[in-house]
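One structure is given below, encoded as structure tokens.
FYI, it's all coordinate maths here, none of it is from the lab. In this text the structure is predicted, and so the values were computed from the model without any measurement. Every residue, glycine as well, gets a Cβ built from its backbone with ideal geometry; the counts of neighbours run over all protein chains shown.
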Amino acid sequence: MSLDEWRSRINNVDSQILNLLSQRAEAVLHIGDLKRRTGVPAYAPEREAEILRRLGTEAATPLAPEALRAIWREILSGCRALEAPTT
């Protein structure tokens, strides 16, 4: 493949990632609503730790584990902010 073809492929993957992040954010908004209605705290550190553990064991990627954790911490942080304002 040429450089332009690889870049086009990356652009397509980036669009897919953005779409999936939007879907995740939509689900988080619904979860946040449920948590508010049932009095469950928005922040669940044990759930976030579980997500990071699960994704760490599923990872089949050339990315370093530290890079993956950093990426997921940012995703979790952004999604947590949708559930409730950070204090």
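Rounded to the nearest Hz, the phi-derived 3J(HN,Hα) couplings of the range 33-39 under the Karplus curve 6.51 cos²θ - 1.76 cosθ + 1.60 (θ = phi - 60°) are 4, 4, 4, 4, 5, 9, x, where x marks glycine and proline.
Label point 7 Å out from Ala59 along Cα-to-Cβ: which residues of the range 7-40 have amide N under 19 Å? Those under the cut-off are 17, 21. Assuming 0.36 nm per residue, please report the length gained on full extension of the stretch Met1 to Ala70 beyond their Cα-Cα distance. Length gained between Met1 and Ala70: 21.8 nm.
Each label point was placed 7 Å from the Cα along the Cα-to-Cβ direction; for Val13 and Glu48 their separation is 2.7 nm.
Note down the relative contact order for the chain as a percent, whole number, built from C-alpha pairs under 8 angstrom at least six residues apart.
Working: 29 pairs, mean separation 35.6, N = 87.
After rounding, I find 41 percent.
For the chain, the longest principal axis of the Cα atoms and the long axis of helix 45-58 meet at an angle of about 30 degrees.
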